[in-house]
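What follows is a single structure, written as structure tokens, with notes after it.
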Amino acid sequence: MVTKPTSLDAEPEGSDYGQYDFIVVSNRLPVDRVQDDDGGTSWRRSPGGLVTALAPVMAKTDGAWIGWPGSANEVLDPFDHDDMRLVPIPMSDDDVELYYEGFSNATLWPLYHDVIAPPEFHRTWWECYKTVNQRFADATAKVAAVGATVWVQDYQLQLVPKLLRELRPDLKIGFFNHIPFPPLEIFAQLPWRRQVIEGLLGADLLGFQRPSDSSNFLRCVRRFTGHPIKSQHVNIKSDSGTRICRAGAFPISIDVAQINELANRPDVIERARQIREELGNPKTVLLGVDRLDYTKGIGHRIKAYGELLEDGQVTVEDAALIQVASPSRERVESYRLLREEIEASVGRINGTYDTLSNTAIRYLHHSYPKEEMVALYLAADVMLVTALRDGMNLVAKEYVASRTGINGALVLSEFAGAADHLKQALLVNPHDIDGLKDAVMRAINISPGEATRRMRTMRRQVLQNDVEQWSQSFLRALQAGPGEEAEGEEQ
């Protein structure tokens, strides 16, 4: 694995192309670079659920994963890691700024999350987005075997399906959108709306988190392309004939076995006890775990909790809120401002209500390993997931999976995809601060019997629908012909 001082669009040398039967294409490779004890570097598998879901498929087939390694201005040869062939896609500083931070995260991300923050539309960003998507498509076309299955992931690569189909019409192409797909009235703002829709329609199967996302997409297809739609099938006519693209809901889930194993480990259980002790053993521990992002509703949650303290409905002696806000996109101005706003709110509340022995809100601007996260889940009596908009929110499912004692309460935003599946949670509109306060108090005061009934139902749903079931459901539907029943599409 050698870094080569070559053009970013140059082909890596010494690689075999055209031999991989199953290919995943995502913005990032499924590995992180780590520093060794001797000062060298190596690769470690990323902890994300997508990697967990697809690694077994990679191991069983001749699989390759295409993505950016995470460093700008670096060109790497393809290499092998954990039964996977990894094909790094290079990016320059400009690519990172324009394609990733710009079009992906300052145009598409806010647009697809109900314009909670205003999206920016810049032609230079769009041109770079097209260029990088073409780079991904070219690399995929070269490594795919004849008739291979390709699964493209998420909003950064929405043009890849069409670009890839033009290069390799023999391939079976799937695409999964991990974030919400916006309503027609919002998506219509995008100057390049038709190009994005046509890019996605290059796939044989499009997967979304919720049926409403799939419906939003099909409305946009009808409005901006004119392709005939019957049920969830889009009929795309071309000079070579008619092709069908299907769209459906395939809600993603978590690695239930991993969460269960950690939740039953003595050291993790002991760590949960220590966490409560460090908080002064309050009667109720509340927990929020989020990436620091304006879509997560952290400010609304903190405002509601501050008002509960002001009203005297909770006290620092009886309750403590832990808010984990992992760093995110810190080079982007709106995210820096959000961090300042959240930290100022926490500071005001703690300055008003803290005592020498108790803290109102423990604010943690860190990322934590999975073991520590599960210990936090075990320590928390109440989990607060109050996103303003979220494709799924796997934290909610992880909390439920960790509750092996069949207790605890989940306050869950109705605007998170998880609300479709965890219907026994205390569902809230996070914009309604009074309603959010009522839901928090209901969770704090829930009876053991009601908590058990709700948690048992939610755990059954999560345990029966783990991340492996999600990936297999999608891949089975992708292989099914348009006239066959594709399991998962109507979920």
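The values are calculated or read from the model by the stated rules, or taken from the named source; none is laboratory data. All values reported here derive from a predicted model rather than from experimental measurement. Here Cβ is always computed from backbone atoms with ideal geometry, including for glycine, and neighbour counts include all displayed protein chains. These area figures cover heavy atoms from the full protein model, side chains too; ligands, DNA and RNA do not enter into them. Shrake-Rupley method; radii C 1.70, N 1.55, O 1.52, S 1.80 Å.
Here is a check on your reading of the model: is Val324 in a strand (DSSP E or B) and under 27 Å from the mean Cα position of the chain (by Cα)?
Against the criterion (in a strand (DSSP E or B) and under 27 Å from the mean Cα position of the chain (by Cα)), Val324 qualifies.
Report, ordered by the first and then the second residue, all pairs with beta carbons closer than 7 Å, sequence separation of six or more or different chains, a first member in segment 166-189 that is more than 18 Å from Gly202 (Cβ to Cβ), and a second member that is β-branched (Val, Ile, Thr) and open to solvent by 30 Å² or more (accessible area, probe 1.4 Å).
The qualifying pairs are Ile186/Val115.
Could you look through segment 403-419, keep only residues that are part of a strand (DSSP E or B) and among the small types (Gly, Ala, Ser), and pick out the one that is nearest to Ala249 (Cα to Cα)?
Ala416
For segment 318-330, enumerate the residues that are open to solvent by 20 Å² or more (accessible area, probe 1.4 Å) and within 22 Å of Tyr368 (Cβ to Cβ).
Within segment 318-330, Ser326, Pro327, Arg329, Glu330 meet the criteria.
In the set Leu356, Leu384, which member is outside any helix (DSSP H, G or I), modelled with pLDDT under 95 and within 19 Å of Leu309 (Cα to Cα)?
On inspection, the qualifying residue turns out to be Leu356.
If you scan segment 422-454, which residues turn out to be surrounded by fewer than 18 Cβ atoms within 10 Å (Cβ to Cβ) and of a type in the set (Gly, Ala, Ser)?
Once the filter is applied, which keeps residues that are surrounded by fewer than 18 Cβ atoms within 10 Å (Cβ to Cβ) and of a type in the set (Gly, Ala, Ser), segment 422-454 yields Gly435, Ser447, Gly449.
Is there any pair with a first residue in segment 387-410 that is without any contact (Cβ under 8 Å) to a residue 40 or more places away in the chain and a second that is surrounded by 24 or more Cβ atoms within 10 Å (Cβ to Cβ) and among the β-branched types (Val, Ile, Thr) whose Cβ atoms are under 7 Å apart and which are 6 or more apart or on different chains, and what are they?
Asn393/Val385; Ala396/Val385
Out of segment 363-381, which residues are modelled with pLDDT of 95 or more, open to solvent by 40 Å² or more (accessible area, probe 1.4 Å) and in a loop (DSSP other than H, G, I, E, B)?
Asp381
Pick out the one residue from Thr315, Thr355 that is out of contact with any Gly (no Cβ under 8 Å at 6 or more places or on another chain), polar (S, T, N, Q) and surrounded by fewer than 13 Cβ atoms within 10 Å (Cβ to Cβ).
When all the criteria are applied, what remains is Thr355.
Are there helices (runs of 4 or more DSSP H) fully within segment 172-256 with at least 3 residues that are polar (S, T, N, Q) and buried (at least 16 other Cβ atoms within 10 Å of the Cβ)? List them.
Filter on segment 172-256 gives 211-224.
So Arg291 clears everything in (1) open to solvent by 40 Å² or more (accessible area, probe 1.4 Å); (2) out of contact with any strand residue (DSSP E or B) (no Cβ under 7 Å at 6 or more places or on another chain) except one condition, right? Which one?
Just one mismatch for Arg291, condition (2).
Can you spot a residue in segment 276-298 that is acidic (Asp, Glu), in contact with a Ser or Thr (Cβ under 6 Å, 6 or more places away or on another chain) and farther than 24 Å from Phe181 by Cα?
No: segment 276-298 contains no residue that is acidic (Asp, Glu), in contact with a Ser or Thr (Cβ under 6 Å, 6 or more places away or on another chain) and farther than 24 Å from Phe181 by Cα.
Where residues in segment 455-477 are charged (D, E, K, R) and in a helix (DSSP H, G or I), which of them is least open to solvent (accessible area, probe 1.4 Å)?
Here the residue is Arg459.
Considering segment 131-164 alone, what residues qualify as being open to solvent by 10 Å² or more (accessible area, probe 1.4 Å), touching a residue at least 60 places away in the same chain (Cβ under 8 Å) and not in a strand (DSSP E or B)?
Arg135, Ala139, Lys142, Asp154, Gln156
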